[in-house]
1. Within the stretch 13-37, restricting attention to residues that are under 8 Å from the mean Cα position of the chain (by Cα) and assigned to a strand (DSSP E or B), which residue is modelled with the highest pLDDT?
2. So how many residues does the stretch 38-91 have that are touching a residue at least 40 places away in the same chain (Cβ under 8 Å), of a type outside the set (A, V, I, L, M) and part of a strand (DSSP E or B)?
3. Test Asp76 against the criterion of being out of contact with any strand residue (DSSP E or B) (no Cβ under 6 Å at 6 or more places or on another chain) and surrounded by 14 or more Cβ atoms within 10 Å (Cβ to Cβ), and give yes or no.
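The values are calculated or read from the model by the stated rules, or taken from the named source; none is laboratory data. None of the values given here were measured: they were computed from a predicted structure. Please note: Cβ atoms are built from the backbone with ideal geometry, for glycine as well, and neighbour counts cover all protein chains shown.
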Amino acid sequence: MLKFIFGLALLVSVTSCLSIKPVVFSGPNANTAYSMRCSGGGRTLDDCYVKAGELCPKGFTVVGQATGTIAAPFKDSIVAAPQHNLAIECK
């Protein structure tokens, strides 16, 4: 159990260094759109929505959303952490 807790702490500490880095693309309506991953460091899907509001102050439409779990091997076990993805198109 101690190895699991240490592994989870290691995974969280590694992913917590990552900030939300939107990737720009052309949306379905030819407007500016962004894809972003909001994971690690206790981030939630709500953090993606906050970032979307910053990127699109006039509003946005959700064009894709996914929530899942990422896993990484650690010694003789596997540690897992939530992963959230959001794609939005600005209005």
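1. Step one: of the stretch 13-37, the residues under 8 Å from the mean Cα position of the chain (by Cα) are 20, 36-37.
Remaining after also requiring assigned to a strand (DSSP E or B): 36-37.
Details: Met36: 96, Arg37: 92.
Only one residue tops the list, namely Met36.
2. 8
3. On the way: out of contact with any strand residue (DSSP E or B) (no Cβ under 6 Å at 6 or more places or on another chain): yes; surrounded by 14 or more Cβ atoms within 10 Å (Cβ to Cβ): no.
It is false that Asp76 is out of contact with any strand residue (DSSP E or B) (no Cβ under 6 Å at 6 or more places or on another chain) and surrounded by 14 or more Cβ atoms within 10 Å (Cβ to Cβ).
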